[in-house]
1. All but one of (1) modelled with pLDDT under 95; (2) loosely packed, with under 12 Cβ neighbours inside 10 Å; (3) out of contact with any Asp or Glu (no Cβ under 7 Å at 6 or more places or on another chain) hold for MET1; state the number of the condition that does not hold.
2. Could you please let me know if GLN87 is farther than 19 Å from ALA25 by Cα, assigned to a strand (DSSP E or B) and out of contact with any helix residue (DSSP H, G or I) (no Cβ under 6 Å at 6 or more places or on another chain)?
3. Out of (1) more than 13 Å from ALA7 (Cα to Cα); (2) in contact with a helix residue (DSSP H, G or I) (Cβ under 8 Å, 6 or more places away or on another chain), the odd one out for ALA95 is which?
4. Restricting the search to region 114-156, which residues are in contact with a strand residue (DSSP E or B) (Cβ under 6 Å, 6 or more places away or on another chain) and farther than 22 Å from GLY30 by Cβ?
5. Which of (1) without any contact (Cβ under 8 Å) to a residue 40 or more places away in the chain; (2) crowded, with 17+ Cβ neighbours inside 10 Å does ASP54 not meet, given it meets every other one?
6. I'd like to know if region 38-45 contains one or more residues that are out of contact with any Asp or Glu (no Cβ under 9 Å at 6 or more places or on another chain), touching a residue at least 24 places away in the same chain (Cβ under 8 Å) and either of a type outside the set (Lys, Arg) or closer than 18 Å to ALA110 by Cβ (or both).
7. Out of all the residues in region 136-156, which are in a loop (DSSP other than H, G, I, E, B), within 12 Å of THR125 (Cα to Cα) and not β-branched (Val, Ile, Thr)?
8. I'd like to verify a number: residues in region 113-127 that are loosely packed, with under 15 Cβ neighbours inside 10 Å, under 14 Å from the mean Cα position of the chain (by Cα) and either among the β-branched types (Val, Ile, Thr) or at pLDDT 95 or above (or both), how many?
Amino acid sequence: MSDTSTATIRPAVEDDVPAIVALLADDALGATRETPGDLAPYRAAFRAMAASPDQLLVVAEAAGRVVGTLQLTVIAGLSLTATTRAQIEAVRVHADMRGTGLGARLVRWAIDEAARRGCGLVQLTSNASRADAHRFYQRLGFAPTHVGFKLRIDRG
């Protein structure tokens, strides 16, 4: 394990895409749903995200390598008296950095950024099989108040 105190959290750039995809693919779930051998769709998605002021993809960098990432999306809404919310997605920390506090730093950074952008609520989803992640988010103050549903759409 490395010291995370020197890790820098910064906006991702397109050159970070291969490292981010590697992080997304580096677990049992990601290995079945990511295709790191074909970066073209990831690069296109990155460009779309970079063009939107409501999307922020960040990386944590330590000793010149990407060791963590997350996506923050700002969502305007009418519910909860027109509360703007932030959605945190795709939180990943490199295997050799897990347990160092880097994940907590990333999520706290996202919460602070959400507040800076005027959000009154931060939400996230986590796959039902990720019990360790659920405990991690609860330690950070998140409460499991909702049940999430997803529907895959054939992009064929």
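The values are calculated or read from the model by the stated rules, or taken from the named source; none is laboratory data. Note that the structure is a prediction, hence the values are computed from the model and not measured. Methodologically, a virtual Cβ is constructed for each residue, glycine included, from the backbone with ideal geometry; neighbour enumeration extends over all protein chains shown.
1. In the conditions (1) modelled with pLDDT under 95; (2) loosely packed, with under 12 Cβ neighbours inside 10 Å; (3) out of contact with any Asp or Glu (no Cβ under 7 Å at 6 or more places or on another chain), MET1 misses (3) alone.
2. Details: farther than 19 Å from ALA25 by Cα: yes; assigned to a strand (DSSP E or B): yes; out of contact with any helix residue (DSSP H, G or I) (no Cβ under 6 Å at 6 or more places or on another chain): yes.
It is true that GLN87 is farther than 19 Å from ALA25 by Cα, assigned to a strand (DSSP E or B) and out of contact with any helix residue (DSSP H, G or I) (no Cβ under 6 Å at 6 or more places or on another chain).
3. (2)
4. Filtering region 114-156 down to residues in contact with a strand residue (DSSP E or B) (Cβ under 6 Å, 6 or more places away or on another chain) leaves 114, 117, 119, 121-124.
Across region 114-156, the qualifying residues are ALA114, ARG117, CYS119, LEU121, VAL122.
5. (2)
6. no
7. Selection gives PHE142, ALA143, PRO144, HIS146, GLY148, PHE149, LYS150.
8. Pass one, region 113-127, residues loosely packed, with under 15 Cβ neighbours inside 10 Å: 115-118, 120-121, 125, 127.
Filter once more, keeping what is under 14 Å from the mean Cα position of the chain (by Cα): 125, 127.
Restricting the remaining residues to those that are either among the β-branched types (Val, Ile, Thr) or at pLDDT 95 or above (or both) gives 125.
The qualifying residues number 1.
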